[in-house]
Every structure is written in C-alpha cells, then in structure tokens.
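A short worksheet on the structure shown next.
The values are calculated or read from the model by the stated rules, or taken from the named source; none is laboratory data. Only a predicted model underlies this, so the values are computations on that prediction, with no experimental measurement involved. Cβ coordinates were reconstructed from backbone atoms using ideal geometry, including for glycine residues, and neighbour counts include every protein chain displayed.
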Amino acid sequence: MDGRYVERDSLIAIDMHVRPWDEESLGIMGGGRAAAMEGYFGRYPGPVPLDDLADQYRARSMMAVLQVSDDQTTSGLPPQSNDHVAAAVRRNPDALLGFGGIDPWKGRMALDELTRCSTELGLRGLCFNAARQQFDPSDTRFHPLWERASELGLVCLFHTGMVGMGAGQPGGMGIKLKYANPLLLDDVAADFPHLTIISAHPGWPWVGEQLAMLRHKANVYMDLSGVAPQYWPAEILQQLKLVQDKVLFGTDWPVLTPERWLDEFDAFDIKDEIRSKILIENARRLLTQGPP
C-alpha cells in the first residue's frame, strides 16, 4: 500500500520523530506556540517544504517519520493535515513515512480518522500528545482507539515527559504535565498486548518509570528524541544494554538536527551492535510488522 515502509540499500538510520515544518504546517501553529517553542528550544529554521526535507534525509542516507498532531478539542486550533503528510510520503516513499494525528476527544470521528489513516492514507502509525490533549490514555473511554489501532497494526506514539512547549509561560499555556507521565501507558500496554507503543522522549522526570515499563512490557518502546544526548538522564546509559531492543533513534527535528544527535551519541562508549539496533534495526522491525 502507498505510504508503507520502503527501504533503500544505503539506509543507515531511521529518524522516528520529525516534525512537519513547511508553510502549511506552520500556518496553523497559532496561540503563540511557535514563539513559545523558539523561546525554549532556541532559533528554528524557516519553513522547509516536505519534499526538500525528504531530499535532506536522502542525502544523509536516512528516513524520517513525520509526526502529525491534532489537539483541536483542547486548544481550539485546527489540526495538522494527515492528507498533506500522506501525500508527501507517497511522493517520497524512500525517504519519508508518516504517523497521523488523532484527537482522542472526537469520539467516532477520531475512530474513523484512525481507520482512514491506515486504510486510505497508508500511514504507518498514530501520534498522541496527552499533555496538550489533556487525556489519560489508560482511561477506558479511549479503549476503542487502542483496539482499532491494534487490529490495523498501527504503531501508537505518545509524547511523554516534561513538555518544552509552554515552559516558562503563565500556566504553561494550559498544558498539564500529569498526562505526560509515561506510566499511564502501562495499563494500555497490558490491556492491548498486540498494540505497539512508542513512549517518545526520555520521559523526564519519570525516567525510571519509563525504563521499568520498557523492561516489563514487550510491546513498549521509547524514542530518544527532543533531548540532546549529552543531556540524557544517567539512567538511560546505565540501562541501555538491558533495553537495547526497545530504544529508537529520534531527533524531534528541528529541535535537534540528526548531525548533532549522532555526534553526541558517537561520544558514548556503546557497542556497535547496540548502536545499530538503536539507529535502524529496532525501527525497521516495528515499521515492517503488520497487524497481529
């Protein structure tokens, strides 16, 4: 199906966490979000067309997984377009994959859009930001989403840990950190053992909880995006050997560039076979598996 995983022979890494940063995607970042993010993370690049982004990842011998978001119910802002990203993936199947954005509060519409992401758009997974969407993934009201995603073999990625957007702003721009605790995903993983879950980011300040969940639940993974490797909590490197099959390369571009991430990662004393798993092998396994 269009949008599914297509690998080049020269591929060295799969960046599992990349933001669409073109004119259309930035045009809907209202509510002061773009300025707040720049204030926290530093200067961002100007808009980058998705086809140009694909070329950049080709030049690096990498693939990029674009993460779309939809928190319209809580923010009042229009969602990023799943169709827009899916079209870019279809044009660049050797360089891009896509995870669709789903607003869990939209009920039947959310379930229908989830299904469409897979059956019509060919997207490989789904993206949720529980702190911005203000929902508890373990709440049984959202079980139909996880059941359908599991049936379709869709990977579900959840942003976890301290949220950069809104940091230092009055009220944190309304973002509620309690929903970013990765341990909220443990119930979901237990209740839907065939659902593949990615707990995105190192998950600070709940790093220990996140690593425990990785070790306990076979269907839970983490991506190391959004935090430069030199600033990773010590527990990650201490337990990396134990969770080497559960960890994924991710930058959260444009928060971090692949070059910076890899340069800092290369400074660690890590065996080559573990590096390979983190950079490509674990992601390849997740992206090529179909419905259970």
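May I ask you to list the residues in the range 160-188 that are modelled with pLDDT under 95, farther than 18 Å from V227 by Cβ and aliphatic (A, V, I, L, M)?
Result: M173, single match.
Are any residues in the range 229-259 assigned to a loop (DSSP other than H, G, I, E, B), of a type in the set (S, T, N, Q) and either within 17 Å of the chain's Cα centre (by Cα) or over 16 Å from I274 (Cβ atoms) (or both), and if so, which ones?
Across the range 229-259, the qualifying residues are T251, T257.
Quick check on the range 241-260. Is at least one of its residues at pLDDT 95 or above, of a type in the set (S, T, N, Q) and over 26 Å from V48 (Cα atoms)?
yes
Considering only the range 92-100, I want to know if a residue exists there that is out of contact with any strand residue (DSSP E or B) (no Cβ under 8 Å at 6 or more places or on another chain), over 17 Å from W253 (Cα atoms) and modelled with pLDDT of 95 or more.
yes
Restricting attention to the range 216-240, which residues are surrounded by fewer than 17 Cβ atoms within 10 Å (Cβ to Cβ) and either among the small types (G, A, S) or touching a residue at least 40 places away in the same chain (Cβ under 8 Å) (or both)?
Those that are surrounded by fewer than 17 Cβ atoms within 10 Å (Cβ to Cβ) and either among the small types (G, A, S) or touching a residue at least 40 places away in the same chain (Cβ under 8 Å) (or both): A218, A228, A234.
Quick check: is even one residue across the range 167-182 among the β-branched types (V, I, T), in contact with a helix residue (DSSP H, G or I) (Cβ under 9 Å, 6 or more places away or on another chain) and assigned to a helix (DSSP H, G or I)?
No - not one qualifying residue is present in the range 167-182.
Among the residues of the range 185-228, which ones are closer than 19 Å to E151 by Cβ, out of contact with any helix residue (DSSP H, G or I) (no Cβ under 7 Å at 6 or more places or on another chain) and in a loop (DSSP other than H, G, I, E, B)?
P193, A218
If only one of R141, R132 is closer than 25 Å to D15 by Cβ and of a type in the set (K, R), which one is it?
On inspection, the qualifying residue turns out to be R132.
List the residue pairs whose Cβ atoms are under 7 Å apart, where the first residue sits in the range 195-215 and is farther than 23 Å from G125 by Cβ, the second is part of a helix (DSSP H, G or I), and the two are 6 or more positions apart or on different chains.
Every condition considered, the pairs that remain are V207/E235; V207/I236; G208/E235.
Just to be sure, is S61 at positive phi and of a type in the set (S, T, N, Q)?
For S61, the condition - at positive phi and of a type in the set (S, T, N, Q) - is met.
Hey, among L50, L97, which residue is of a type in the set (A, V, I, L, M, F, W, C) and either within 16 Å of the chain's Cα centre (by Cα) or closer than 30 Å to D139 by Cβ (or both)?
On inspection, the qualifying residue turns out to be L97.
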